[in-house]
Protein chains: 2
Amino acid sequence: MTNAKNPLAPLLANLEVRTPLGEEDRQAILALPYTLKTLEPSTYTVREGDPPDRCGVLVSGFAYRQKLTGDGDRQIIAIHIPGDATDFQNSFLEVADHSVQMLTRGDVAFIPRGAIQEIVRSRAAIAHAILIKILVEASIFREWVLNVGRRNARTRMAHVLCEFALRLEAEGVAGRNGYELPMTQEQLADALGLTPVHVNRVLKGLEADGLIKRSKRNVSFPDWERLRQVGDFNQRYLHLERQSSGQEMRIPQR
Amino acid sequence: MTNAKNPLAPLLANLEVRTPLGEEDRQAILALPYTLKTLEPSTYTVREGDPPDRCGVLVSGFAYRQKLTGDGDRQIIAIHIPGDATDFQNSFLEVADHSVQMLTRGDVAFIPRGAIQEIVRSRAAIAHAILIKILVEASIFREWVLNVGRRNARTRMAHVLCEFALRLEAEGVAGRNGYELPMTQEQLADALGLTPVHVNRVLKGLEADGLIKRSKRNVSFPDWERLRQVGDFNQRYLHLERQSSGQEMRIPQR
DNA sequence: CGTACGTTTGATCTTTCTCAATAATGGTGG
DNA sequence: CCACCATTATTGAGAAAGATCAAACGTACG
């Protein structure tokens, strides 16, 4: 594998979590043009209102999507982990409707918008893989609407902790034992629609009940199953099973 | 226009709001196979957990997406208006991660999953139009996360009232003067992450302040601009401007 | 004209927010 | 390595938005 160091390898791995690709398609992805940049925390990848001309791919590090209310209150809409592309939407829409910022320091490969459009046009399997990625992201948004709209603070928190665990696991970065969570309690609050003070209390509560352990930014889960229950977490919305290529017949159900 | 009565005409109009199509593509859409059914309120179009095999198109009537918590609390994730397709996601994912139900009585044209996949494969412009639709829907989900996560009850309510107005207007069904809102206060509550009681109070508050007028299910807006402000509403996320085809060069910005 | 569903209202309770202060922690320059 | 500064985390006390409970009131329609 001469590709081990290709900065786009994480993107390829990311897409192949759900939609395995053929060798030609894999090479096509790894051959995409890009500009690599190391970005500091809170640097913008996309800014709301900008006409987007490129798509960022997280080679390393974490990022988040956010929107602001008129009063300046922030809501974090999604967290992105290494391998995620942050701007597929922006490769097809005319204006960014929200911003993406780095959560940690990290390397981002910027692929020109035109190159994304071109590969989608010329390679059906890749178009399909990207579409699936977009649809799964939308599914996560839906779950977040539910999470923020209908669950209490403790459940909400447990739920996102579970979500991150499974997403990191799928990416092979970490797992449901625990991981390094690179978010401040304030950021967590903005992701959950809570205040930092309350996030702190909820975290302490979960810890007191033996559902999580914390040291610095590291969280671990002594009893995954119980956490899953407390978080009302069902992984279906992550669509982690392999998706059919869309070319093949579905097996008739009975 | 011999197509005036084609049940798929609303779908075509819906897609062409953002992505005008050529004559061949238009005919291809109108020629899609479908089964037409009249559904009563609360009938399911898709059910969470089902392996989806078709895509519903609202010919007339309204529908909503919903998810439930483990406790049975409901969150409405989106409202769909005539012309909307309710299941593009399901044409590409293996399992429905949420349910769609009729809000009102209405006619739904069910298009087989395979036909959607086929038209997307064979007609680039249609694939593009559907992709844009999917992306705009995702954008609306993001706005809802913000709405439910960071805005107070009154602002939340005003915001969705504005959103519906503009979406109905784009579809040519109604406008920002007012419209028939076919939702009970309980459904509104489930869409906003509130209780029905509080929704009632918020509505009365908005009415008392002259921001809305109500009679039965009809709402009208005596002062759109003020409602817009109260609702912290900025239509950018609806992406109502025409989208470029993705084939053409973007005009350089300055 | 009675039943079911939706709306409205009042009274009270809870979760979460706000405000304010104190304690850790991490990184920096010397 | 140490003192210092800026974040971030933690804690307490009081306030508020919205939830809950309970009941009455409308209205559509069979």
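Observations on the structure shown:
- Single residue of region B:105-151 satisfying the filter (free of Cβ contacts under 8 Å to residues at least 60 places away in the same chain and basic (Lys, Arg)) that is surrounded by the most Cβ atoms within 10 Å (Cβ to Cβ): B:ARG150
- Residues of region B:39-53 satisfying the condition of being within 14 Å of chain A (Cβ to nearest Cβ) and either surrounded by 19 or more Cβ atoms within 10 Å (Cβ to Cβ) or on the phi < 0 side of the Ramachandran plot (or both): B:VAL46, B:ARG47, B:GLU48, B:ASP50, B:PRO51, B:PRO52, B:ASP53
- One residue stands out in region B:54-98 among those that are of a type in the set (Ser, Thr, Tyr) and surrounded by fewer than 22 Cβ atoms within 10 Å (Cβ to Cβ): the one that is nearest to the other protein chains (Cβ to nearest Cβ), namely B:THR69.
- Looking across B:ARG123, B:ARG105, B:ARG142, one residue alone is within 7 Å of chain A (Cβ to nearest Cβ) and basic (Lys, Arg). It is B:ARG142.
Residue-by-condition table, conditions (1) within 10 Å of chain B (Cβ to nearest Cβ); (2) within 14 Å of DNA strand D (Cβ to nearest atom):
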position: A:HIS128; (1), (2): yes, no
position: A:ILE134; (1), (2): yes, no
position: A:ARG150; (1), (2): yes, yes
position: A:ALA158; (1), (2): no, no
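- The single condition among (1) surrounded by 19 or more Cβ atoms within 10 Å (Cβ to Cβ); (2) within 16 Å of DNA strand C (Cβ to nearest atom); (3) outside any helix (DSSP H, G or I) that B:PHE233 does not meet is (2).
- Selection status of B:ARG217, farther than 26 Å from B:GLY149 by Cα, within 11 Å of DNA strand D (Cβ to nearest atom) and touching a residue at least 12 places away in the same chain (Cβ under 8 Å): yes
- Taking (1) modelled with pLDDT of 95 or more; (2) under 21 Å from B:ALA127 (Cα atoms) in turn, A:ARG151 satisfies each apart from (2).
- Residue in region A:174-189 that is within 12 Å of chain B (Cβ to nearest Cβ), modelled with pLDDT of 95 or more and either touching a His at 6+ places or on another chain (Cβ under 9 Å) or more than 14 Å from DNA strand C (Cβ to nearest atom) (or both) present: yes
- The residues of region A:202-216 that are at negative phi and more than 8 Å from DNA strand C (Cβ to nearest atom), listed by number, are A:LEU203, A:LYS204, A:GLY205, A:LEU206, A:GLU207, A:ALA208, A:ASP209, A:LEU211, A:ILE212, A:LYS213, A:ARG214, A:SER215.
The values are calculated or read from the model by the stated rules, or taken from the named source; none is laboratory data. In this text the structure is predicted, and so the values were computed from the model without any measurement. Every residue, glycine as well, gets a Cβ built from its backbone with ideal geometry; the counts of neighbours run over all protein chains shown.
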